[in-house]
1. Please list the non-local residues whose amide H lies under 5 Å from the amide H of Trp656, H modeled 1.01 Å from N, same-chain partners needing a gap of 5 or more.
2. For the pair Lys226/Asn538, report the inter-label distance in nm, with labels modelled 7 Å from Cα in the Cβ direction.
3. Please sort 330-336, 198-204 by packing, taking for each peptide the average over its residues of neighbouring beta carbons within 10 angstrom, highest first.
4. Which order, highest average first, do 90-96, 248-254 follow once you tally other Cβ atoms within 10 Å for each residue and take the mean per peptide?
5. Where does the charge balance sit around Met268 when Lys and Arg score +1, Asp and Glu -1, over other residues with C-beta under 12 Å from its C-beta?
6. Equivalent ellipsoid semi-axes for the chain, as square roots of 5 times the alpha carbon gyration tensor eigenvalues: give them largest first, rounded to whole Å.
7. Under a straight-distance cross-link criterion of Cα-Cα below 13 Å, which aspartates and glutamates are reachable from Lys145, leaving out those fewer than 8 residues away in the same chain?
8. Return the inverse of the average 1/r over all pairs of distinct C-alpha atoms in the range 141-217, which is the Kirkwood hydrodynamic radius, in Å to one decimal.
Amino acid sequence: MPVKVKMIAYNPFIPADADASGIPIAIFKYEVTNTTNQNISVAISGNIRNFIGMDGQKNTSNWKKDVVPVGAKNNLNKYLKSDDLQGIYMFSNGVAKNASNWGTMALSTPDKNVTYRTSGVGNAWQRTMLDFWDDFSADGLLVEKKEVADENPMASLATKRTIAAGATEVFTFYFSWHFPNRKDWNDGKQTIGNYYTTRYKDAWEVLSKEVANLPKLTEKSLQFVKAFVSSDYAPQVKEAALFNLSTLRSQTVFRTPDGKMFGWEGVMDRVGSCYGSCTHVWNYEQATPFLFGSLAKTMREVEFGYALRKNGHMGFRVYLPLKKDPEKASLSVAAADGQMGTIMKFYRDWQLSGDDSFLKKYWKKVKSALGFAWVKGGWDADKDGVMEGAQHNTMDVEYFGANPQMQLWYLGALKAAEKMAKAMNDKKFANKCNRLFKKGSDWTDKNLFNGSYYEHKIELPKSKNDIAKGLVAGMGSKKLKDPDYQLSKGCLVDQLVGQYMASILGLGYLVKKENIQKTLQSILKYNARDNMFDYFNNMRSYMMGDEKGLVMASWPKGGRPKVPFPYWGETMTGFEYTAAVGMLYEGLEKEGLGVIQNIRDRYQGNRRSPFDEAECGRHYARAMASWAAVLAQSGFHYSGVDKKIQFTEKAGKYFWSNGFEIGEEIIIPDLGKNVVRKLRFDGILIEKDDVRPKLPKNSVIDVFYGSGEPLK
């Protein structure tokens, strides 16, 4: 070929600007370099069928029994032109206008020398493509086909220009969409809508409103990416954190017309996977709060405003449409890890936002959510700081008795609640949380730590009547005397997940530091595998052959239940990240980076998509726990409440973000012991001595480094 072609494809993605990052547009730029010493003509064509109505709700099968989507009906394409772009507008006159798969799309370009086709010949024996190719390949131009031969006609757009010898030209295409009728995620009978469609009337208006803004939005997106990739984070940390952000632009995430953010756990080929902004899954991810803090706050508003009953029961999945009175709403059961983690998330989002009114508004509900642990037959009915009751959790079953996974979430929630109570001058509740935390932490080290790691002490209720209402989901064991699906003496990969969250939030140690470090070493010793050739896994295979990773559980001391919790033999990245991040926080940098590298080696593109770390669905939300490795390596802590920002003492340049602003931190050790800092705050270079006056209003006042001492 006489040319070299590079494609650049992206959406606007600007931390702290959710609207700009949610524009329904994909930008495709083709950089074409003429590698000859002569001028040449180059044409590029974009083609897409008008697939409105064909979202997989209705299917047929061909003679091979392949599933073939159907549903297009009287779909039409129309050529449109304005001052700054031209292209094909796609709509449907046959698909019901209240259907979820009804909407509009547009394929366009800012180029002037454009030819197009709004349709093609019939597609028998793939004739449409042949007819297009004969037309386009003859001279790089397209001849309009006015007849509509298919219900889903092909839209074709071509642009042609002459490229001088050795020169490079950029060909740009835009694809936009507008589908306003999102249905509820329960039975799909009610229209919920999409936030982005409230900003535009159709797909063409997306272009007419936003194309002029794209240079600025592109520049800001690139500023973010360049600042991040030029930071001194480990390469595997940068890749894991950055690549998993694609989930925020996938169908896993959406916003309702009022701007609130919701999330599936992931997405299947044709449907969302596991509805409800599942608390025990979304507990793990850190990308949303540290990049889009305003969106994270809306998730807390939903959890505490619509999913919490007066007695403190929080459904771990929320139904749509939202109902103002949770007492009358259908709620899922309460998940022990999900509910305790949500309390910690509330503390995090209050700290990052510095919004005291947010805490004041929801404080009683936060107290209620924690207090639900103490109801009769509840998780900690005897109020001893230890969760012994029936605990539904992210393994989709109930654990009976104290175990590290739920216990550390509980201890973290107690610590977070104590700090919030003090801020609210609720001394009595703060003292109660402190007392329970100390008692529970001490008990955990004495009773669950076996010298190598923390294990599960099974404790059974006498009868079903001893279990509070709303704690059992029905997916776990049906036997109370000898329940299936327990962890027992197993070494769980994310047994320290509560400590993972506490470290991110700056809450300190939940149990003894030395036990945490020993446990992390044990997870590496007992759960790490160099290959899967001789390993039996009766569930899903996310790691195969010669791949390396951490399996969910091992039983090095014996005692594996005959029927352990369902996912015991799997390997899932979101859980692995909690262990890796824990290692980074505890100074086991080589080990933690090794775990992350093993994950990224499995997702290099030759076996799996680098942008799609799967679990129960693609683009799985839990995998965005990868962002926590950025926090661990930089030692970043931010409090908008106390007006403090803290970093590591290790020399380097570190990108940072708090959900509302982004910046860079540069640490340069002097010849002595002093640490010199420069903060780049939203493009403003701030010298150490000028920190106070130059930072934006209501942001940082005091800068701290690793030891916790203020910058002088």
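What follows is calculated from the coordinates using simple rules that are stated; it is not laboratory data. These numbers were taken from a predicted model, which means no experiment stands behind them. Every residue, glycine among them, receives a Cβ derived from its backbone with ideal geometry; neighbour counts consider all protein chains shown.
1. So Trp656 has HN proximity to Gly663, Glu664, Glu665.
2. Once both label points are built, they end up 5.5 nm from each other.
3. 330-336, 198-204
4. Ranked from most to least packed, the peptides come out as 248-254, 90-96.
5. On the way: positive: Arg270, Arg618; negative: Glu265, Asp269, Glu615.
Taking every Cβ under 12 Å from that of Met268, the sum is -1.
6. For the chain, the ellipsoid semi-axes come out as 47, 31, 25 Å.
7. Of all the aspartates and glutamates, those that pass the test against Lys145 - Cα under 13 Å, at least 8 places apart if same chain - are Asp131, Asp135.
8. One decimal place: 16.7 Å for the Kirkwood radius.
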